[in-house]
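As structure tokens, the structure follows; a few thoughts come after it.
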Amino acid sequence: MSRSRTAILAALALVAGASGTALAVVPGDPGIAAVPCTVDYQVQNQWSTGFTANVTVTNLSAAKTSWSVKWAYAGNQQITNGWNAKISQSGTAVTAANESYNGALANGGSVSFGFQASYSGGNALPTTFTLDGVTCNVDGGTGGPTDPGPTGPGTPSTRVDNPYAGAKVYVNPEWSAKAAAEPGGSRVSGQPTGVWLDRIAAIEGVGDGMGLRDHLDAALAQKGSGEEVVQLVVYDLPGRDCAALASNGELGPTEIGRYKSEFIDPIAAILADSKYASLRIVTTIEIDSLPNLVTNVGSRPTATAACDTMKANGNYVKGVGYALNKLGAIPNVYNYIDAGHHGWLGWDDNFAPSAQLFFEAANAEGATVDDVHGFITNTANYSALKENNFTIGDSVAGKSVRESKWVDWNRYVDELSYAQGFRNQLVTAGFRSAIGMLIDTSRNGWGGSARPAGPGATTSVDTYVDGGRYDRRIHIGNWCNQAGAGLGERPQAAPATGIDAYVWMKPPGESDGSSSAIPNDEGKGFDRMCDPTYTGNPRNGNNPSGALGDAPVSGHWFPAQFQQLMQNAYPPLP
């Protein structure tokens with residue numbers, strides 16, 4: 001079923017369910033109502049003095065090249081800012097007109113926009129909407145806080161604010177078996193981890209391995225009568241990971257057509273199967289891709305020709321937009337875009353430009369910000385969750401912590417502060433204020449005997465930071481199979497403000513890349529950052545790589561790393 005067709009049916013079902021109106025039927029197409037448009041007005045969050053809302057308009061008349069939606073409030077609601085539409089207000093009357101990028105509205109097509117507003121007293125929902133002067137049938141504000149709608153949380157096709165809240169998370173049997181087979185591995189083998197769809201063959205399953213349907217069927221078996229989250233990593237862009245070699249993919253830089261038709265479309269078809277409608281499916285969209293277009297292009301010393309190519313051809317933006325569009329159309333899918341980590345995007349010249357680029361991708365190839373449920377940071381990385389022994393505001397020996405070699409003028413010192421800060425920046429850039437963040441804590445515990453018990457010596461700002469930091473990497477740019485790393489916080493829902501969950505999206509014990517060149521049929525190359533003898537490059541300040549030796553190809557099981565992660569876990573394992 002096409003997305004536009006689905007939108008028509010869903011919108012009309014809401015109209016009929018909320019109002020009981022007898023709807024005319026289009027001749028030759030039973031069940032399709034002859035109404036000009038529908039509007040779904042949903043209050044997303046509400047507090048004592050304000051609220052945020054999302055409006056979805058479905059056009060059921062002739063195609064439009066521009067549009068204007070109007071309504072009036074019964075109270076004193078005042079819109080203060082909006083996104084995905086030009087919103088103006090005169091008294092109680094509100095007009096929302098299209099932006100330059102979303103004026104086209106096909107017959108059966110939908111467009112969404114949102115806003116933040118203030119109010120006092122009551123916050124009654126608008127009752128009448130017009131599209132280009134024509135009155136629309138509406139669903140009565142289904143989903144707002146004063147009208148919970150016809151279905152409850154967790155029922156098929158109903159998204160919840162935080163998919164992890166009140167839900168179990170799928171334990172991948174394949175990873176669990178590998179973990180349990182390791183000495184002491186049974187202590188963590190029951191933890192939920194991400195399922196990586198990192199090549200086309202992974203959809204059906206590689207060799208005797210489980211395919212996507214196998215995992216979803218297993219999730220249904222684990223689910224029982226409660227709620228179940230399934231975590232997927234969607235990771236096969238053309239020219240994938242342009243600044244590295246260990247995680248290169250199977251598709252060339254120009255193969256956007258194959259990415260769409262052979263990778264995303266089959267995934268979407270499986271996820272849309274009604275058999276899986278009761279699952280909450282979390283998708284991590286294309287790790288490392290968009291951040292590379294900010295930091296590793298142009299005249300920057302970290303630029304690569306491959307990243308310049310991907311920025312020029314636009315296929316990262318197109319691919320991410322296409323994935324968001326196709327997967328976001330499935331009611332029980334929750335898209336989270338990869339947002340790097342604090343040691344990548346936390347600097348002033350990366351922070352806001354990244355949020356703007358993500359917004360561009362979220363509005364590409366038919367996607368809108370409503371296809372984005374949130375963002376994930378630290379995927380497959382090692383950045384400490386919370387540095388307790390120093391803060392970004394500290395000064396030592398007359399110098400700010402930002403001047404230390406480790407922090408190097410970054411605005412953030414750990415993932416929690418970065419994720420919360422970047423969430424605010426994303427909302428400023430135009431994303432919904434209700435977005436949530438995920439933090440991958442699978443390898444950022446940094447426990448064991450090397451974990452500092454307190455701040456470093458105050459001799460200099462460097463001794464202070466280096467002596468007190470939990471993250472024991474040689475350089476914050478080191479990313480491959482890091483020596484000394486440990487398991488981090490166990491997966492948990494809603495652990496901090498703005499954070500939907502701590503997750504183990506990267507399965508602990510799976511290699512980041514081989515320590516030396518290993519021939520393989522997965523399109524994965526050899527990256528010197530995975531070589532323990534490598535002395536570095538501009539991206540890690542020309543420091544040693546800090547990588548473990550004897551590592552296999554990325555994604556393959558690495559027993560030595562798994563044992564190290566358990567040994568250095570923080571909180572410690574029992």
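Assorted remarks:
- Helices that extend 15 Å or more along their long axis by alpha-carbon positions and average at least 1.0 on the Kyte-Doolittle scale are, among the DSSP H runs of the chain, 3-19.
- Solvent-accessible area per residue in the chain equals 38 Å², computed with a 1.4 angstrom probe and all protein chains kept.
- Taking the 1.4 Å solvent-accessible surface of the chain as the whole, the part contributed by carbon and sulfur is 53%.
- Max-minus-min Cα coordinates of the stretch 403-557 on each principal axis give 46, 44, 30 Å, with the largest extent listed first.
- Relative to one another, the C-alpha centroids of the stretch 275-326 and the stretch 93-137 are positioned 30 Å apart.
- Relative packing of peptides 282-289, 563-570 - highest average C-beta neighbours within 10 Å first: 282-289, 563-570
- Ranking Gln191, Gly82, Thr463 by Cα position along the charge dipole of the chain, where only Lys, Arg, Asp and Glu carry charges on their C-beta atoms, puts Gly82 farthest toward the positive end.
- With the convex hull drawn around the C-alpha atoms of the stretch 328-420, the volume per residue stands at 106 Å³.
- When each of the peptides 433-439, 262-268, 182-188, 507-513 is scored by how many other beta carbons lie within 10 Å of its residues on average, the order from highest to lowest is 507-513, 433-439, 262-268, 182-188.
- Value of [θ]222 nm, deg cm²/dmol, for the chain, DSSP H segments ≥ 4, -39500 (n - 2.57) each, nearest 500: -6500 deg cm²/dmol
- Think of the stretch 355-427 as a dipole: +1 on every Lys or Arg Cβ, -1 on every Asp or Glu Cβ, centred on the Cα centre; then among Phe390, Phe422, Val372, Phe390 lies furthest on the positive end.
- Dividing the mean sequence gap of close Cα pairs (under 8 Å, 6+ apart) by how many residues the chain holds gives a relative contact order of 11 percent.
- Once you divide the Cα radius of gyration of the stretch 181-313 by 2.2 N^0.38 Å, the number left is 1.24.
- Cross-link pairs beyond the 26 Å C-alpha cut-off, checked among Lys260/Lys506; Lys318/Lys524; Lys318/Lys405; Lys260/Lys311; Lys70/Lys326: Lys318/Lys405; Lys70/Lys326
- Relative to one another, the C-alpha centroids of the stretch 525-563 and the stretch 180-231 are positioned 26 Å apart.
- Peptides 492-502, 442-452 ranked from most to least packed by the mean count of surrounding Cβ atoms within 10 Å: 442-452, 492-502.
- Rg in Å to one decimal, and Dmax rounded to a whole Å, for the chain via C-alpha atoms: 24.5, 83
- Antiparallel bridges, percent of DSSP beta bridges restricted to the chain (to nearest 5): 60 percent
The values are calculated or read from the model by the stated rules, or taken from the named source; none is laboratory data. Keep in mind it's a predicted model, so treat the numbers as computed, not measured. Every residue, glycine as well, gets a Cβ built from its backbone with ideal geometry; the counts of neighbours run over all protein chains shown. To get the accessible areas, we keep the full protein, side chains included, count just its heavy atoms, and leave off ligands, DNA and RNA. Shrake-Rupley method; radii C 1.70, N 1.55, O 1.52, S 1.80 Å.
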